[in-house]
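The structure appears right after this line, and notes come after that.
The values are calculated or read from the model by the stated rules, or taken from the named source; none is laboratory data. From a predicted model like this one, the values you see are computed outputs, not experimental measurements. As a convention, Cβ positions derive from the backbone with ideal geometry for all residues, glycine included, and neighbour counts pool all protein chains shown. What goes into the accessible areas is simple: the full protein's heavy atoms, side chains included, and nothing from ligands, DNA or RNA. Shrake-Rupley method; radii C 1.70, N 1.55, O 1.52, S 1.80 Å.
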Amino acid sequence: MLKISVVLLPMQPEYRQILRYGFGILTVVTGFLLLFFAANTYQTFEQLFQVFCYERRFTGNTHAFGFSYSTYQIVIGALALLTFSCMFLFYHFRRTSQNNLTEAFGLHLKTPGFPFKKLKQQWALLPTWEKSLLLAAGILLVAARIYMLRLHPVITDEAATYLLFVSKGLEASLSYYPLPNNHILYSVLCLPFDLVFDKAFLVLKLPSLLISLAVFPVVHLSLRSVFRFPVAFIVAVGCGFSNYALFYAVHGRGYTLLLFCTIVATLALLKIVQQKDPAYWLVFILASVAGFLTIPIFLYPFGSLVIFGAGYFLITRNFRGLKHFVTACVFIGVITLLLYLPAMLVSGGGQLYGNDYVQAMSRQMFFAKLPAYVSYMHGAMLGQETLGKYLWLGGVSLFLFLLVFRQRLKAIYANAAIDLVVLSWVLCGSVLPFFLLTLHGVMPPERIWLFLIFADFLLLGIAFQVVVSFLPSKYQKMTPGFTVVFMAFYIGYQVVKQQRDFNADHSQSKRIERSLRNVHQYGHRTVFSNCNAYGINVVYEFLYSGEGDYIFDENTPKPGRQYDVVIIGTENAAPVPFDLSGYFLFHEDPRMLIYFRRK
């Protein structure tokens, strides 16, 4: 009789480590969610649901926010089961040398500290002049951030972020999704600041400011391990001082956090395909999950990374690496879905993927607008809408030329210190998001494309390095100095452009925000409004001032109450139920009229 024996090959150490990373993160996430639901009674959630429904006057969202008591019980039971299951699997995939619980469930602090160790090592390798230059640029970056902080007040979207989510604590930040305004991870990051500062202005803007400051050293030091000085410095300055980077560095929402997550995930994937330390898998997973939890639109940069990574492993016939990559992506998807569980239970999945901002337009209209839209977005992210799009197109054309004729251009690859993998990595990050946009069929506003500035400036930096490689060696030695001088002019231009754009912004929304801000600045305390959409600005201004003794009545005035301010929505057909003869018109636009009482 023929005997068949099955030999089980030992699991690869790298794959085992990826499984441990994945199940370790799942253990933390499911345990956190279990604590989140179990620590709050169902009655606590019910009270929160009533507040959410009351705020329909601001959001206009008629969804029945909440979940049933039976759902609450099922979720707690399921999360408990998942937590213990993931904990068991985390222990099961321990290294064979770990024979006790202390080693198996150890925190392994060296792994979370791994990225900082790498950045520190790269800093030590820099020449003295480069360290001095980076410190000077860092001081300039801080000064620019402080100036932007003084220049830009809180606008409507930021006011909504604070009043609807941050001010209500962790429960609302994780579960309340009436509008796409809730960049969940950013709202959560604001909560510790809300405990320290009594000014909502600082609570909203400081997390974004600090993240934007971290972008500069992370970008320069990480790229410096791969590229020469000009490329790293051009990209770092672009990510720190371009027009949109300056504005959103002090904007109290998650766009700068999305940029940071994109940068970290992109750099981690490059190190993975270069077969560096397996700890980069942990960095890739964490950065990707953080990106998705910030804004679901992270699907665009992440999808580009997935296409690049899968393509690389398939072309190189590295099927083991492909298995590792697919496993990591599965973990990212599962962890992301779990973290969105509170929002989907309370606000419904349709609020995430069925809101007006993600509805596809007609294909004919989409493709008619696409060329101009793509070129404008790349130009805007580079900080110069007119010239920037041509620079981007030139960079893409050069990259395609280098890729197509790579066999004949080996000398250029060597002189410019580039390779096929790096060129493909950058091109995917700059071009593929718009391919995914084509499949989606929507045209979101400029702000969501902030993540593009990393790939776009990297594309231009490498293109500059290729052009410089054709110069005589004596001129190539002058390249760092020329780069510094040119980028210094670029910084000055971008700061001036930011100031000019702020002063020249006379859009309807900005005029409305400035007028509503005057309600508090003029010392008015009693307000009536039948224009609910902008009522949140008025409420925010009083909260920001730290004064709570204001009266804000909506739609139905209180009998006998004398109002300092009356805000009338022109789109509201209901007449104002009292005489306005004692008021003067302070502000008028197509959406509202603001009256101040004569004194």
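Distances between placed amide hydrogens fall under 5 Å for M592 paired with T570, all partners being 5 or more residues away or on another chain. Counting only protein heavy atoms, what percent of the accessible surface of the chain is carbon or sulfur at a 1.4 Å probe? Carbon and sulfur together cover 65 percent of it. Using the alpha-carbon positions of the stretch 110-154, Rg (one decimal) and Dmax (whole number) come out as 15.3, 41 Å. Note on the chain: antiparallel DSSP beta bridges, both residues inside, total approximately 60 percent of the bridges counted.
Couplings 3J(HN,Hα) for the stretch 253-268, derived from phi with the Karplus relation 6.51 cos²θ - 1.76 cosθ + 1.60 (θ = phi - 60°), are 9, x, 6, 5, 5, 4, 4, 4, 5, 4, 4, 5, 5, 5, 5, 5 Hz, where x marks Gly and Pro.
When peptides 442-452, 176-186 are ranked by their average number of other Cβ atoms within 10 Å per residue, the highest-first order is 176-186, 442-452.
Here, the chain yields an orientationally averaged convex hull projection of 35.6 nm² when only Cα atoms define the hull. Accessible surface for the chain, divided over its residues, is 46 Å² per residue with a 1.4 Å probe. Working note: Cα atoms of the stretch 213-264, range along each principal axis, descending, whole Å: 34, 19, 13. Distance distribution P(r), the stretch 344-435, all Cα-Cα pairs, bin width 5 angstrom from 0: 2, 11, 15, 16, 14, 14, 11, 7, 5, 3, 2, 1 percent. Could you tell me which of the pairs K199/K497; K410/K477; K410/K474 are separated by over 25 angstrom between their Cα atoms in the structure shown? Result: K199/K497 exceed 25 Å.
Here each label is just a point 7 Å from Cα along the line to Cβ, and for E385 and Q364 those points are 2.8 nm apart. Over the chain, dividing the summed -39,500 (n - 2.57) contributions of all DSSP H runs of at least 4 residues by the number of residues returns a 222 nm mean residue ellipticity of -21500 deg cm²/dmol. Ranked by the mean number of other Cβ atoms within 10 Å of their residues, highest first, the peptides 286-295, 30-39, 557-566 come out as 286-295, 30-39, 557-566.
Rounded, prolate or oblate for the stretch 240-318? Axes are the square roots of the Cα gyration tensor eigenvalues, ordered a ≥ b ≥ c, and the cut-off for rounded is a/c under 1.5. Prolate, since a/c reaches 1.5 and a/b exceeds b/c.
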